[in-house]
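Asks: Dropping the structure in here first, questions after.
The values are calculated or read from the model by the stated rules, or taken from the named source; none is laboratory data. Note that the structure is predicted; figures quoted are calculated from it, not measured. Neighbour counts run over all protein chains shown; Cβ positions are idealised from the backbone, glycine included.
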């Protein structure tokens, strides 16, 4: 059977791993795979650290929100006091 008449499936069936795969190529693949695994492990550890920091800041964030709400209330009260003082100056004149 000539190669020109073979289908792609027939050609793929004849592929084999033999001694032409060099040791440096296999070594390179192993090194690259190890580097990817190391990178993923490092990234996972960093994500864990960020999650711990976020959990530690949660009470602080809640305090800031409460303080912001209190500040809004104080600003409102000051505006009310200013209005009362302005109206009392007008009536006393």
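Asks: From the list 77, 34, pick out the single residue that is within 24 Å of the chain's Cα centre (by Cα) and modelled with pLDDT of 95 or more.
Replies: Values: 77 fails: within 24 Å of the chain's Cα centre (by Cα).
Matching residue, one of 77, 34: 34.
Asks: Taking the stated definitions as given, is residue 62 under 44 Å from the mean Cα position of the chain (by Cα), at negative phi and modelled with pLDDT under 95?
Replies: Here the answer is yes, as residue 62 does meet what is asked.
Asks: Okay, next question. Identify, by number, the condition in (1) surrounded by 10 or more Cβ atoms within 10 Å (Cβ to Cβ); (2) at pLDDT 80 or above that residue 23 doesn't meet.
Replies: (1)
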